[in-house]
Amino acid sequence: MTSPELAQELLAIARSIAQKAGEMLTDRPENLTINQKSSARDFATHMDHASEALIVREILAARPDDGIVGEEDTQRESKSGITWVIDPIDGTVNYFYDLPGWNISIAAKDEQGVLMGLVYAPTVNSLWHATRGGGAFKNGRPIRVNDPIELGSALIATGFSYNTERRKEQAIFIADLIPRVRDIRRLGAAAVDLCNVASGSVDAYFERDLKEWDRAAGVLICREAGAVVTGRNGGIEGEEMVIAAGPALHAQLVSEIG
């Protein structure tokens, strides 16, 4: 089987699984309120684990020799050369507060990198996907990053660390940046932020402290839509930094952030 054929097979599996997980996650108790913070948080944590269990179970039913890396501690070595990278609820705080944009992020990688990525956000009726070399799509339609965009007219998405000291540093940087761009958006879900760059809903996105499961699917979707995605100073994207934008704006952001 060629890589494009394999990617399409993996995509079909991921789409089916993400939709099942989405149905389960949207079945929230109507009486769950944030005034019941302890029970609401417990519920969100329980659903995070339940979503990962469903995704893992479905992957292994379809492809029992594949490896898995999951946010909720699932670690399984691959015997097939394919490893899935899954975030069962990306944007858990949004999910906790019943805000839109939380999503299920599923990627599959081989020895060359990420082969397939899918991000499904039920609350905004959006499913993004990409295969390596096959382009990027939102709800079945091709998408493309905005380019060229100048920094002064850029709408930029970002996120903030859970670490208090790092948040202080980030606030200082944002205070300096915001007068020089169109505006800043903080939407609360890294995978959807990356997909919004890919589909032109925002012009750029940057954030620190992203794990592999936060970024694997979204980075492929971004790149297949024509974005440049790097780390700080143009290095490899990772936990230290992810910077995603069209080529013209990306060069300006790297200079600013570096």
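Assign one of three labels to the chain, namely rounded, prolate or oblate, based on the Cα gyration tensor with a ≥ b ≥ c the square roots of its eigenvalues; rounded applies when a/c is under 1.5, prolate when it is not and a/b is larger than b/c, and oblate otherwise.
Working: a/c = 1.75, a/b = 1.18, b/c = 1.48.
Since a/c reaches 1.5 but b/c is at least a/b, the shape of the chain is classed as oblate.
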**Fill in**
Sorting LEU151, ILE55, ILE17 by the position of each Cα along the dipole of the stretch 1-154 (Lys, Arg +1; Asp, Glu -1; all at Cβ), the one nearest the positive end of that ordering is LEU151
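Sort LEU151, LEU99 so that the residue with the fewest other Cβ atoms within 10 Å of its own Cβ comes first and the one with the most comes last.
Ranked by crowding around the Cβ, least crowded first: LEU99, LEU151.
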**Complete:** Expected sort for HIS129, HIS49, HIS250 with the fewest Cβ neighbours (10 Å cutoff) up front is HIS49, HIS250, HIS129
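Loop-only check: which trypsin sites (Lys or Arg not before Pro) in the stretch 72-130 are DSSP coil with at most 15 other Cβ within 10 angstrom?
On the way: sites: ARG76, LYS79, LYS109; in loops: LYS79.
For trypsin sites (Lys or Arg not before Pro) across the stretch 72-130 that sit outside H, G, I, E and B with at most 15 neighbouring Cβ atoms in 10 Å, the list reads LYS79.
Relative contact order of the chain: what whole-number percent is it, with Cα pairs under 8 angstrom and at least 6 residues apart?
Values: 549 pairs, mean separation 43.2, N = 258.
Computed over the chain, the figure is 17 percent.
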**Asked** If we count every other residue with Cβ under 14 angstrom of ARG15's Cβ, Lys/Arg +1 and Asp/Glu -1, where does the sum land?
**Response** -1
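In the stretch 151-257, what % of DSSP beta bridges are antiparallel (nearest 5)?
On the way: 7 of 13 bridges.
About 55 percent, rounded to the nearest 5.
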**Message:** Counting only helical runs of four or more DSSP H residues, what would the 222 nm mean residue ellipticity of the chain come to if each run contributes -39,500 (n - 2.57) and the total is spread over all its residues?
**Reply:** -13000 deg cm²/dmol
**Asked** If Lys and Arg each add +1 and Asp and Glu each add -1, what is the summed charge of the other residues whose beta carbon sits under 14 Å from the beta carbon of GLY234?
**Response** -2
**Request:** State, as an integer percentage, the relative contact order of the stretch 151-257 based on alpha-carbon contacts under 8 Å between residues 6 or more apart.
**Result:** 27 percent
**Item:** Reachable lysines, given that their alpha-carbon falls under 22 Å from the alpha-carbon of LYS168 and they are not under 8 places away in the same chain
**Value:** LYS211
**Request:** Just name one of PRO88, VAL69, ILE172: the one whose Cα is farthest towards the positive end of the charge dipole of the chain (beta-carbon charges, Lys/Arg +1, Asp/Glu -1).
**Result:** ILE172
**Item:** Sites excluded, GluC sites (Glu not before Pro) in DSSP loops with at most 10 other C-beta within 10 Å, longest stretch of the chain
**Value:** 112-258
**Request:** Within the set of other residues whose C-beta is less than 14 Å from the C-beta of ASP176, count the net charge using Lys and Arg as +1 and Asp and Glu as -1.
**Result:** 0
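Just so you know, all these numbers are worked out from the coordinates, no wet-lab data involved. Quantities reported herein were computed from a predicted structural model and do not represent experimental measurements. FYI the Cβ positions are ideal-geometry reconstructions off the backbone, even for glycines, and counts take in every protein chain you see.
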